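The values are calculated or read from the model by the stated rules, or taken from the named source; none is laboratory data. All values reported here derive from a predicted model rather than from experimental measurement. Here the Cβ is made from the backbone with ideal geometry for all residues, glycine too, and neighbour counts use every protein chain on show. For the accessible areas, the whole protein counts, side chains as well, though only heavy atoms, and no ligand, DNA or RNA atoms are used. Shrake-Rupley method; radii C 1.70, N 1.55, O 1.52, S 1.80 Å.
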Amino acid sequence: MTKQMTGAKMVVQALKDQGVEVVFGYPGGAVLPIYDEIFQQNGIRHILVRHEQGAVHMAEGYARSTGKPGVVIVTSGPGATNAVTGLTDALMDSIPLVVLSGQVPTFLIGTDAFQEADTVGITRACTKHNWLVKETDRLADTIHQGFHVATHGRPGPVLIDIPKDVQFATGTYVPPAKAKISHYQPRVAGDRAAIEKLAELMETAERPIFYTGGGVINSGPEASRLLRELVEATDFPITSTLMGLGAYPGSGKNWLGMLGMHGLYEANLAMHGCDLMIAVGARFDDRITGRIPDFSPHSKKAHIDIDPSSIGKVIHADIPIVGDVGNVLRELLEIWKARGARTNKAQVERWWGKIDAWKKVDCLAYRGSESTIKPQYALERLEALTKGRDRYVTTEVGQHQMWAAQFLHFDEPNRWMTSGGLGTMGYGLPASVGVQIAHPDSLVINVAGEASWLMNMQEMGTAVQFRAPVKQFILNNERLGMVRQWQQLLHGERYSHSWSESLPDFVKLAEAFGAKGIKVDRPGDLDEAIRAMLEYDGPVILDVLVEKHENCFPMIPSGKPHNEMLLGSAATEGAITGAGGALV
Amino acid sequence: MSALNIKKGATSHSAYELRDPHAVVIETHTLAVLVDNESGVLARVIGLFAGRGYNIESLTVAEVDHEGHRSRITVVTSGTPQVIVQIKAQLERLVPVHEVHDLTVEGRAVQRELALFKVTGTGEHRVEALRLADIFRASVVDSTLESFVFEITGTAEKIDAFADLMRPLGLAEMARTGVAALSRGA
């Protein structure tokens, strides 16, 4: 029944019993006993990273593309502190992770021992929960609890800190079925009365809109299916946050594109002018709302979210519904159908008329060039040449990320991995490796800027070692593009430290890692370069030299409402300080 | 049945804010938080307040169920109604938190604080201090020829009032426990 074993063996046994197939990690003094056990088994594959931050982002990419929790092992002290950025990223974007960190032996805790850090103290604010395990008998139980907490309710990262003497000592292993049942049981069923009220409002709404977010994707594929059914049945328009792309297909007929600071004109104006907003698994982030008092001023707002603290945090919800998105959407569909599946067809059609007029503005239009590769053009060609393929896309953070969200289209959930909440430069390369490990036969592309990419470029070594044929699509403008754009628009064109000198030769860099490098700088050569990247059987860096001073539009300047967007054709200089003519 | 017909203030198990979000009214609420008495739990609660910029006016904590290892944290906090609702929702989200009760909206709670006052002096001031202590039902728990230590129990306001009176009479030191509170009735 119950078995005696060492703490280190328990770690491996518990991971196996939790169905873990892959862990991302880096060994060190305080986790040597665990690594010794990893060496002596074949059930779990270990991916050796080059830096612990890379391990956490890989686990995030793995988790987001599979729906399963990502698992990381790091050593004490610097191993754990290097994981902090990744943990914070996962907390902000609700990604389920279980991070196991080594700790100095219990009798040395508090003595400033070699590679000691107060890991649970440091990570308390950037994990959903964390534990320091002081007895081997409690280790297995705590790991099972960790998986439970990471994956139930609003998902998030947990950390379990395991002192080295606890790994060496022998204790009783508890299998998952016998683990102490956690009192942590978040509510997943929505309040029926509130759902009925929403169904009632859907029947009469004249200018409805679905505003969806990452919660739909976290809820699982069934939630996306139900969302599609609901959108099709009601014919309401739908927009999504950065994190929610793919829940509703980018090719779907009711799709308005992404909303927010760099969202589409039609999506933002529809949010501003709607009379019924149905927020599904989205959290009214400040990149979404713009100026709060002017946010969608004439709408009733229904808010479906599994996390009660998300509801009413920023925007007052007229109809708050706490529950798992999938459950609530299923019940909403049932109730709405049972009531006759009615909508205010005539008015909704008029609403579509307005939206179609906004679409005609063609807000993503940009000036093409014969001589320089425009970043938007590069993404359009990437989209055209990879469409219909079994494709996953990760990104770094900045202009390229926003352009990728605007110009690439996702027809399925879990295909788009990006750092939304924390905006972590250096996320994309390791995340792409994590995705590729989970989906070895799929096409995995990291759309990157050269500055972000350099932040975790050491993970190219991991990609090569583990034969992860990730495609690094670098839009290289030799600038910190988004910083440069803000400096141009908001800081009098004083480009303080937003450009890079002595960038590496990315082709040689790729070759130095044992990967393939390709460089392209003429629009006419771009397709061929992209094809060469796609055809190569192994990791590739494609260095796309793009226009250096392109700005990302549309843009809602900070502190402005949704109906005051800057468009690309507008003269942008001075627009933010109030030249009204430039504001749309 | 509308979802909006929720008893006003019935917020300890929901995230529902039904009052005007634009009203800038600062309210003081007393919250009772029942938690697992595990390592770091107080840091978790305090860290939540510090990290999100919420106020702590008073905080008391002690284990109240030794077998179940449960502690009761009584925290007096202030903020706009929206912030108070957010504080409760954020507390309820913490894994070791079992229950959050807003004693301010659940009915007038019994609130008590214990304080110790050291008052030094001789002559008329000493006599006056003793007389006032009697009026406030404070008891003398230590005395020398030049000092008293008074123990007083009551609401925070009563203790404030006592402190104001003792100050001119030679108040040397004061220790307060912070508020402990229980709801009235069964």
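Taking only C-alpha pairs under 8 Å that are 6+ residues apart, what is the relative contact order of the stretch A:90-188 in percent?
RCO, the stretch A:90-188: 39 percent.
Considering only the stretch A:375-545, what is the antiparallel percent among its DSSP beta bridges, to the nearest 5?
5
May I ask which residue of B:A50, B:V100, B:V75 lies farthest towards the positive end of the charge dipole of the stretch B:27-102, with charges of +1 (Lys, Arg) and -1 (Asp, Glu) on Cβ and the Cα centre as origin?
Final value for the positive-end residue is B:A50.
Report P(r) for the stretch A:375-545: all Cα-Cα distances, bin width 10 Å, range 0 to the bin holding the largest distance, values in whole percent.
10, 42, 37, 10, 1
Straight-line reach only, C-alpha to C-alpha below 21 angstrom: list the lysines that A:K471 could link to, leaving out same-chain residues fewer than 8 apart.
A:K374, A:K387, A:K508, A:K516, A:K519
Take chain B, connect every pair of alpha-carbon atoms lying under 10 Å apart with a spring to form a Gaussian network, then pick out the residue of B:I87, B:I152, B:I26 with the largest mean-square fluctuation.
Highest fluctuation among the options: B:I26.
For the B and A pair, go ahead and give the buried accessible area with a 1.4 Å probe, both sides summed, in Å² to 100.
2100
Would you mind calculating the relative contact order of chain B from Cα pairs under 8 angstrom and at least 6 residues apart, reporting the percent as a whole number?
Numbers: 332 pairs, mean separation 45.9, N = 186.
Dividing the mean separation by the residue count of chain B yields 25 percent.
For the stretch A:212-264, what does the accessible surface come to per residue with a 1.4 Å probe? Please give it in Å².
Working: 1340 Å² over 53 residues.
Spelled out: the 1.4 Å probe surface of the stretch A:212-264, per residue, equals 25 Å².
Give me the percent of DSSP beta bridges within chain A that run antiparallel, rounded to the nearest 5.
Percent antiparallel among DSSP bridges in chain A is about 10.
Rounded to the nearest 20 debye, what is the charge dipole size of the stretch A:192-358 about its Cα centre when +1 sits on each Lys and Arg Cβ and -1 on each Asp and Glu Cβ?
Dipole of the stretch A:192-358, to the nearest 20 debye: 120 debye.
Based on Cβ point charges of +1 for Lys and Arg and -1 for Asp and Glu, what charge dipole magnitude is obtained for the stretch A:272-418 about its Cα centre, in debye rounded to the nearest 20?
Taking the Cα centre of the stretch A:272-418 as origin, the dipole is about 420 debye.
May I have the pair-distance distribution P(r) for chain A, computed from all Cα-Cα distances with 10 Å bins from 0 and rounded to whole percent?
4, 17, 26, 25, 18, 9, 2, 0
How high is the relative contact order of chain A, in percent, counting Cα pairs under 8 Å that sit 6 or more residues apart?
Relative contact order comes out at 14 percent.
Would you work out what percent of the accessible area of chain A, with all protein chains in place, is carbon or sulfur (probe 1.4 Å)?
Of all accessible area on chain A, carbon and sulfur atoms account for 50 percent.
For the stretch A:3-178, how big is the tail of P(r) above 26 Å, as a whole percent of Cα pairs? Could you put the intermediate results ahead of the total?
Numbers: 2672 of 15400 pairs.
When all Cα pairs of the stretch A:3-178 are counted, 17 percent exceed 26 Å.
Placing +1 on the Cβ of each Lys and Arg and -1 on the Cβ of each Asp and Glu in the protein assembly as shown, which of A:V393, A:L503, A:T119 has its Cα farthest towards the positive end of the resulting dipole?
A:V393
For the stretch A:184-267, with only Lys/Arg (+1) and Asp/Glu (-1) charged at the beta-carbon, what is the dipole magnitude about the Cα centre, in debye rounded to 20?
The dipole magnitude comes to about 260 debye.
If you keep only loop residues by DSSP, which trypsin sites (Lys or Arg not before Pro) in the stretch A:200-266 have at most 12 other Cβ atoms within 10 Å of their Cβ?
A:K253
State in Å² the accessible area per residue of the stretch A:375-545; use a 1.4 Å probe, count heavy atoms of protein chains only, and round to the nearest integer.
In whole numbers, the stretch A:375-545 has 37 Å² accessible per residue.
To the nearest 10 Å², what's A:Y377's accessible area with a 1.4 Å probe?
So the heavy atoms of A:Y377 present about 70 Å² to solvent.
Provide the per residue accessible area, probe 1.4 Å, for the stretch B:110-182, rounded to a whole number of square angstrom.
Accessible area per residue: 57 Å².
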